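Enquirer: Please see the structure below; I have some questions.
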Amino acid sequence: MPIHESDMNMGEPKHILKTNIRRKPENGKDEQLKFRQSDASIVVKKQGNSCGAKGRTTMQRNFRDTAAGLRAGTPLTTKLESITSLVKRNPQIKFTSLAHMLREDFLLLCFEELKQDRVPGIDGITVETYGNGKKERIANLVERLKTNNYKPLPVKRTYIPKANGSKRPLGIPTVEDKLVQMGIKKILEAIYEPIFSKTSFGFRPNLGCHDALDKLRIEIMFRPVESIVDMDIRKFFDTVNHGWMIKALKMKIADSRMLSLITRILKSGVMEEGEIRDTTAGTPQGGVLSPLLANVYLHYILDMWFGRDIKSKARGYCELIRYADDFVACFANGKDAEEFGVELKKRLAKYGLSIAEDKSRIIKFGKKSWQKAQRTKEKLQTFDFLGFTHCCGKSRKGNFSLIQQTSRKKYAQKIKDIRQWLRQEVRKPRELQEGIVKRINQKLSGHYQYYGRCGNYRMISNFYQKVRKMFYKILNSRSDRKSYTWVAYEKMLKYNPLILPKICVKTRNYTS
């Protein structure tokens, strides 16, 4: 499919250039301006990221088309901050020299952020092993990056079960490839974070699932929302078109070396059951860089399109809340919601994506819809988003309220996972079983930290009671003879208590 620049033009705002104000001429000549001008003659030199006008024309206060060259001795954190500042000042800016930032000191800092307890890639080298002699290894890596001899290895394919019984494919890169991806990720974050939509929350610094849930709550409770478009992109990470991905990156990056490096990562291949397969589409889940690339892709084909085309044509209020490839669209007008559903399918098809029909719905939802359902004794539909089922209900005072409860599918999957884990734990030798209550508490704490939102106490309390009874049954299943009576079990828990359920996440009023 041919790729044209107009296809990726998402209507970014044009920057208003500032012009320099000259003083009145003295003796028939312009007085020399002090701003960015030297007394010495100007010599035109080739600069890294400098594509501004040359000679005396550089005195104008116009923003450059691309970032100025940064000195080699500047700390990388300062360089990243400079890039972010340039993007904020001029959203149209393009960067022509980025690959040189993958230096030894930068990659050493990136290495410290790699998690130690991860499964190794196809080369079998763990983070701990790579850390032995890391300076020499990283020096060799940087040399290969400079000479264009770096070639990422295929990712190791593994699968994790999903709540619906299917399996989600994961790609595990090698430590060295993770290191390069981490460096690229930091550079791209500095470029794209300032321009990402305020309603995009997935895999972004200082943002998370609860920010998206809070934003959705505000939209439904305090905006004139009557309809919800709940759609799911089918196998998004497996079907991302590489050509369109590079086209999206070219909107901000003009560095051929950096683009070539990202292309190599996308096309590095997959090893499954000892066989290497080429990757012609998709970006592997499990890669350090994949979530950011997904955000860049959807920023142009979904977020900006929604703001430019859908909002401008809508009859009433509308908003899109997105977390990675999961999104929900809120509409005040039902016809707008239906038209959006039709246009969305066309839009995604153009960029090689499709909608999962079995997971996509347009439902009546919101304050007015709930009030109408109360009068007609109808029951409104619910929808799931980020592990929570969202329902229309009422507060203690009888007013409309959005209820966010643990999704039944997620609840069932969590119970299944902890049951399997407990069975494995109690089969271990006695000396390895010590501290099992502490490990259970870690799992309970993690569950409360995520699902312990206001209004969801009943579900996390049910989870606690289920785990408590399950632990008792599994302890007694180790032999034909009971290990504990219920009284003895209660006494044991008195000295080794399980963490009681508690609300850990208070609902926040999100400000956009």
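The values are calculated or read from the model by the stated rules, or taken from the named source; none is laboratory data. Nothing here was measured: the structure is a model prediction, and the numbers come from that model. Methodologically, a virtual Cβ is constructed for each residue, glycine included, from the backbone with ideal geometry; neighbour enumeration extends over all protein chains shown. Each accessible area value is taken on the protein alone, full model and side chains, heavy atoms only, with ligands, DNA and RNA left out. Shrake-Rupley method; radii C 1.70, N 1.55, O 1.52, S 1.80 Å.
Enquirer: Only one residue in R453, R458, R478 is over 22 Å from Q404 (Cβ atoms) and touching a residue at least 12 places away in the same chain (Cβ under 8 Å). Which one?
Expert: Working: R453 fails: over 22 Å from Q404 (Cβ atoms); R458 fails: over 22 Å from Q404 (Cβ atoms).
The unique qualifying residue is R478.
Enquirer: For A412, all conditions in the list (1) open to solvent by 50 Å² or more (accessible area, probe 1.4 Å); (2) closer than 29 Å to D336 by Cα; (3) among the small types (G, A, S) hold save one; what is the number of the exception?
Expert: Of the numbered conditions (1) open to solvent by 50 Å² or more (accessible area, probe 1.4 Å); (2) closer than 29 Å to D336 by Cα; (3) among the small types (G, A, S), the odd one out for A412 is (2).
Enquirer: In region 156-194, what residues are within 17 Å of the chain's Cα centre (by Cα), aliphatic (A, V, I, L, M) and open to solvent by 30 Å² or more (accessible area, probe 1.4 Å)?
Expert: L170
Enquirer: If you don't mind, there's one more thing I want to ask. I'm trying to understand the selection: among the residues of region 102-130, which are assigned to a helix (DSSP H, G or I) and over 23 Å from the mean Cα position of the chain (by Cα)? Please lay out each step first, then the result.
Expert: Here is the first cut: in region 102-130, the ones assigned to a helix (DSSP H, G or I) are 104-112, 127-130.
Once the filter is applied, which keeps residues that are assigned to a helix (DSSP H, G or I) and over 23 Å from the mean Cα position of the chain (by Cα), region 102-130 yields E104, D105, L108, V127, E128, T129, Y130.
Enquirer: Could you tell me which residue of region 359-379 is modelled with the highest pLDDT, considering only residues that are closer than 10 Å to C392 by Cβ, outside any strand (DSSP E or B) and among the basic types (K, R)?
Expert: In this case the residue turns out to be K367.
So that you can scan it fast, the table gives a plain yes or no per residue for (1) open to solvent by 30 Å² or more (accessible area, probe 1.4 Å); (2) among the small types (G, A, S); (3) out of contact with any Leu (no Cβ under 6 Å at 6 or more places or on another chain); (4) under 22 Å from Q181 (Cα atoms):
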{"residue": "F201", "(1), (2), (3), (4)": "no, no, no, yes"}
{"residue": "V225", "(1), (2), (3), (4)": "no, no, yes, no"}
{"residue": "I233", "(1), (2), (3), (4)": "no, no, no, no"}
{"residue": "M245", "(1), (2), (3), (4)": "no, no, yes, yes"}
{"residue": "M258", "(1), (2), (3), (4)": "no, no, no, yes"}
{"residue": "R264", "(1), (2), (3), (4)": "yes, no, yes, yes"}
{"residue": "G269", "(1), (2), (3), (4)": "no, yes, yes, yes"}
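Enquirer: In the list I276, I265, which residue meets the criterion of being in a helix (DSSP H, G or I) and of a type outside the set (G, A, S)? Break it down stepwise before answering.
Expert: On the way: I276 fails: in a helix (DSSP H, G or I).
Exactly one residue qualifies, and that residue is I265.
Enquirer: Taking region 131-153 only, how many residues are assigned to a loop (DSSP other than H, G, I, E, B), under 25 Å from D255 (Cβ atoms) and open to solvent by less than 50 Å² (accessible area, probe 1.4 Å)?
Expert: The first filter runs over region 131-153 and keeps only residues assigned to a loop (DSSP other than H, G, I, E, B), leaving 132-133, 147-153.
Subsequent filtering for residues that are under 25 Å from D255 (Cβ atoms) retains 147-153.
With open to solvent by less than 50 Å² (accessible area, probe 1.4 Å) added as a condition, the list becomes 150, 152.
The qualifying residues number 2.
Enquirer: Would you mind finding the one in L348, L422 that is open to solvent by less than 70 Å² (accessible area, probe 1.4 Å), within 21 Å of F327 (Cα to Cα), out of contact with any Gly (no Cβ under 8 Å at 6 or more places or on another chain) and not in a strand (DSSP E or B)? Reasoning before the result, please.
Expert: Details: L422 fails: within 21 Å of F327 (Cα to Cα).
One residue alone meets the criteria, L348.
Enquirer: Do we have F327 as assigned to a helix (DSSP H, G or I), open to solvent by less than 20 Å² (accessible area, probe 1.4 Å), farther than 27 Å from K115 by Cα and in contact with a helix residue (DSSP H, G or I) (Cβ under 9 Å, 6 or more places away or on another chain) here?
Expert: Working: assigned to a helix (DSSP H, G or I): no; open to solvent by less than 20 Å² (accessible area, probe 1.4 Å): yes; farther than 27 Å from K115 by Cα: yes; in contact with a helix residue (DSSP H, G or I) (Cβ under 9 Å, 6 or more places away or on another chain): yes.
When the stated conditions are applied, F327 does not pass them.
Enquirer: Can you tell me which residues in region 283-294 are farther than 14 Å from I246 by Cβ and either open to solvent by 40 Å² or more (accessible area, probe 1.4 Å) or not aliphatic (A, V, I, L, M) (or both)?
Expert: P284, Q285, G286, G287, S290, P291
Enquirer: Restricting attention to region 430-461, which residues are over 19 Å from N496 (Cβ atoms) and open to solvent by 40 Å² or more (accessible area, probe 1.4 Å)? If you could, list the steps in order and put the result at the bottom.
Expert: Residues of region 430-461 over 19 Å from N496 (Cβ atoms): 449-461.
If the condition is that a residue be over 19 Å from N496 (Cβ atoms) and open to solvent by 40 Å² or more (accessible area, probe 1.4 Å), then Q449, Y450, C454, G455, Y457, R458 are the ones that fit.
Enquirer: Considering only region 114-172, state which residues are touching a Pro at 6+ places or on another chain (Cβ under 7 Å) and of a type in the set (G, A, S).
Expert: The answer is G121, G171.
Enquirer: In region 329-343, what count of residues is obtained for those that are under 23 Å from the mean Cα position of the chain (by Cα) and modelled with pLDDT under 95? Steps first, answer last, please.
Expert: Residues of region 329-343 that are under 23 Å from the mean Cα position of the chain (by Cα), as a first pass: 329-330.
Checking the rest, the ones that are also modelled with pLDDT under 95 come to none.
Going through region 329-343 one residue at a time, the tally reaches 0.
Enquirer: For region 283-314, give me each residue that is modelled with pLDDT of 95 or more and acidic (D, E).
Expert: Answer for region 283-314, where residues must be modelled with pLDDT of 95 or more and acidic (D, E): just D303.
Enquirer: Which condition does Y464 not pass, out of (1) open to solvent by 70 Å² or more (accessible area, probe 1.4 Å); (2) of a type outside the set (A, V, I, L, M); (3) within 30 Å of H210 (Cα to Cα), if it passes all the others?
Expert: In the conditions (1) open to solvent by 70 Å² or more (accessible area, probe 1.4 Å); (2) of a type outside the set (A, V, I, L, M); (3) within 30 Å of H210 (Cα to Cα), Y464 misses (1) alone.
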